[in-house]
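Reviewing the structure listed below.
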Amino acid sequence: MPRYLLFTFSILLFSLSAAAQSRTPELKLTPKYNTAPADTFGFEERPYFLLIDQSEKALSEQKYEEAALRLIEAMSVEPKNPLNVALMSNLGMIYYYNEQDSLALATLDEAVRRSPKLIGAHEHRARVLLGMGRDDEAYEEYTTIIEIDSLNTDARYYHGMMALYGGKLDVAKQDFALMSRVVPLSRRTILANSTLYAMTGQNLEAISGFRKLIEIEKMPEYYAQLAGCLIEMDNLNEASKVLGDGIALFPNDAELYFYRAKLNHLRYQPEEAHSDARRAIELGADPAHVAAIFKSKKIQ
């Protein structure tokens, strides 16, 4: 495997694991009826919509069991309401937020069964599958979303990143090309293309992309990947500066210390390299991955 592939895997893993591990509520349950200047249809007085409002309030307060119960009550009040399948999709995500993954997936399975073209349900199901570590099934779910809506850039992003991680470069290129046409200035588009460039040895393009990402939002992984590309280009002085800036902002990021250990090793500074390597491991880096810098089984 080319050396540049080793460090680009980490950003792929970060991107996917961040999506999988995040259980921050993002749902907006209240239907669009409440955006009207006046309630001319009496929606606000119907128990169905009152219960949805109560669920949304509970969700905003992270009272997940209460939020779920209110949605179940709403669907029971009007069992034939066509909005119920959307509520069921949201209910699945509430279960996920509450770390009830199996119940979340079963609920979303039913939502997808009832409404096979409901993109929101497929998106929620894909996210839950990622969170459960069932990456192959999540990939297939994103494939389904793309079949329903070929311009869905969220699905293209995850589908492409997973394809890239799985060695399906042609698929990733197709997904990222679509993103570049539809949302060329999106952070995800820049990240996707930068990662692709890095994995295919186009380090100059990758460096440009990671610099843009840092301008958009300072994140430790962007500094780390930029430094990794610079190291691959043997631009050690600039890599040192980038790592210094990154560590100043994020002093407890393992990946930054990993790359500084690699940098110091290339500079024939063994004491500094081993010190950074130990710090990387203390912060959670894989010891075997770190030890590979020195081509030995353990850090001295």
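Comparison of A273, A227 shows that the only residue that is more than 20 Å from L204 (Cβ to Cβ), at pLDDT 95 or above and buried (at least 16 other Cβ atoms within 10 Å of the Cβ) is A273. The lone criterion from (1) in contact with an Asp or Glu (Cβ under 9 Å, 6 or more places away or on another chain); (2) open to solvent by less than 40 Å² (accessible area, probe 1.4 Å); (3) not acidic (D, E) left unmet by R187 is number (2). Selection of the stretch 142-194 for residues being of a type in the set (D, E) and in a loop (DSSP other than H, G, I, E, B) yields only D149.
If you check A68, A86, A111 for being open to solvent by 20 Å² or more (accessible area, probe 1.4 Å) and under 26 Å from R134 (Cα atoms), only one passes: A86. Could you look through the stretch 52-65, keep only residues that are exposed (fewer than 15 other Cβ atoms within 10 Å of the Cβ) and of a type in the set (D, E), and pick out the one that is farthest from I119 (Cα to Cα)? That would be E61.
Reported count of residues in the stretch 223-279, each being touching a helix residue (DSSP H, G or I) at 6+ places or on another chain (Cβ under 7 Å) and outside any helix (DSSP H, G or I), is 4.
The values are calculated or read from the model by the stated rules, or taken from the named source; none is laboratory data. What you are looking at is a predicted structure, and each value in this text was computed from that prediction instead of being measured. Positions of Cβ are generated from backbone atoms using ideal geometry, with glycine treated the same way; all protein chains shown enter the neighbour counts. The accessibility values were calculated without ligands, DNA or RNA, using every heavy atom of the protein model including side chains. Shrake-Rupley method; radii C 1.70, N 1.55, O 1.52, S 1.80 Å.
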